[in-house]
Amino acid sequence: MHEFKYKNNHLYCEGLKVEDLVRRFDTPLYIYSYHTLIGHYMKLKTAFSRIAPLVCYSVKANSNLAILKALVDKGAGLDIVSRGELARAVKVGCPPEKIVYASVGKTSQEIEEAVKSGILFFNVESLPELENINRIAGQAHKIARVALRINPDVEPRTHKFITTGKITNKFGIDFETASGILLFRQRFAHLKICGLHIHIGSQITDSAPFVAAITKVARFARQLEKDGVSLEYLNIGGGLGIVYNQETPQTAKKFAARALPLLKKTGLKIIMEPGRFIAGNAGILVTKVLYVKSTPKKKFVIVDAGMNDLIRPALYGAYHQILSIRCTLNAIRSPEKVDIVGPICESADFLAKDRRMPKVKAGEYLAVMGAGAYGSSMSSNYNSRPRAEEVMVVKDKVFAVRKRENHSDLMRNELIPSFLLGL
């Protein structure tokens, strides 16, 4: 599953001891395993090799340039949701014909830049957006390629904040509206509507919701073909779950076994947009224990990583396994229930609550597992805290892939107006 393993009671990332990495780079520290990252990408490519899909990694999961470059060099495309992510895709040399552009609220400036870049297509979320892309493409004297994002009204059985395929969600277009758009597509003189797109949610551990969504949209595509609407692509999105705790998510092979028969029958070119599946277990966040505080009701392990570094527990109540980077027999024999909390001035600033952990003391280090997706990319400077450094390990070598911010970085774009300076 991943390349973070204990050897001689020490946690390693590939061939390097995590303890040596934190001594060199300090904490909080994100550590990425190159071979875990590429291994998960290749699992999907191999499982679906019979239909040779274009696998567009979802940049929002982790947008670090090193991660994007590593995947693009192996043939991955990129799924982007902003002009900033488009700039990153261009920076790492992703071919524009391998870039798909999602987002429910694309601005005119974002659309214009993407049209000029020649991306494969936009995943369009509404009729007004479609009309805007048509207008902008016309002004640029170009034909923009688009896919309609269908909201299949499928229950994905995941957290409500990462559910995107129900009709009550803000994402996608219902079947009736999409049918009207496609049957009267001649209205959009500067667009080529070349495909359908679905994405029903994230951290989905069961194949049934995917099967239900693919079945619905495949049936829709067949009806469109009967009505004279010819399509080229079916983008099935992402959302495959990973192991954080006791989950038993489907493997790439099992997902392919259920999905391949349905996808082959469509006769369409298939695109996938995995993010968490590729990056999630490829990264950890290492944090230092600052204090251990006992109260009449609780014991708190206070660490130097906070909700600004990893917001998932505060935002979703998400579970991350937390391990000591040094495993001793004495610690294993004497676990205790603790809250692992950060230094941020919020009660929501925690990494774990009521967690049974081996006894730890100030100065020791903990590894927050499964932090490669939606960790760094959702981090912030709340409480004027510099964002963590990030490193990538390749076998027995380590490379800094994001420098730790300093105080100057935090204030770089801020100005004190002249009247406050007495000028």
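Since every read-out is calculated from the coordinates, none of them should be taken as a lab result. What you see is a predicted model; the values in this text were computed from it and never measured. All Cβ positions, even for glycine, are placed from backbone atoms using ideal geometry, and neighbour counts span all protein chains on display.
Beta bridges per DSSP, both residues in the chain: antiparallel share near 50 percent. Report note on the peptides 97-106, 256-265: ranked by the mean count of other C-beta atoms within 10 Å, highest first, their order is 97-106, 256-265.
Listed by chain and number, the lysines placed with their C-alpha closer than 18 angstrom to that of K253 are K43, K45, K264; residues fewer than eight positions away on the same chain are left out. Using a cutoff of 8 angstrom between alpha carbon atoms and counting only pairs six or more residues apart, the relative contact order for region 1-158 works out to 13 percent. Length, then width, then depth: along the principal axes, the Cα atoms of region 19-85 run 46, 29, 16 Å. Using the rule -39500 (n - 2.57) for each DSSP H run of four or more residues, divided by the residues of the chain, the 222 nm mean residue ellipticity is -8500 deg cm²/dmol. Once you treat every alpha carbon in region 103-272 as an equal point and sum by Debye, what is log10 I(q)/I(0) at q = 0.21 Å⁻¹? Cα-only, vacuum Debye calculation for region 103-272: -1.39.
Using C-alpha pairs under 8 Å with a sequence gap of at least 6, the mean separation divided by the residue count of the chain gives a relative contact order of 20 percent. Taking amide H atoms as placed 1.01 Å from N in the peptide plane, the amide H of N123 lies under 5 Å from those of Y101, A102, A147, each 5 or more residues away in sequence or on another chain. Taking every DSSP bridge with both residues inside region 103-272, close to 5 percent are antiparallel. Residues in region 3-16 carry Karplus couplings, in order, of 9, 10, 9, 7, 9, 6, 6, 10, 6, 10, 10, 6, x, 10 Hz; the curve used is 6.51 cos²θ - 1.76 cosθ + 1.60 with θ = phi - 60°, and Gly or Pro positions show x. Here the 3J(HN,Hα) profile of region 291-303, calculated from phi with Karplus coefficients 6.51, -1.76 and 1.60 at θ = phi - 60°, is 8, 10, 10, 10, 10, x, 10, 9, 10, 10, 9, 9, 10 Hz, Gly and Pro shown as x. Positive-end ranking of L127, F255, S202 along the dipole of region 103-272, with charges on Cβ about the Cα centre, is headed by F255. Residues F277, F25, ranked from the fewest to the most other C-beta atoms within 10 Å, line up as F25, F277. Ranked by the mean number of other Cβ atoms within 10 Å of their residues, highest first, the peptides 372-379, 239-246 fall in the order 372-379, 239-246. The protection proxy used here, the mean number of other Cβ atoms lying within 10 Å of each residue, ranks peptides 10-17, 48-55 as follows, highest first: 10-17, 48-55.
Rg and Dmax over the alpha-carbon atoms of the chain stand at 23.2, 74 Å.
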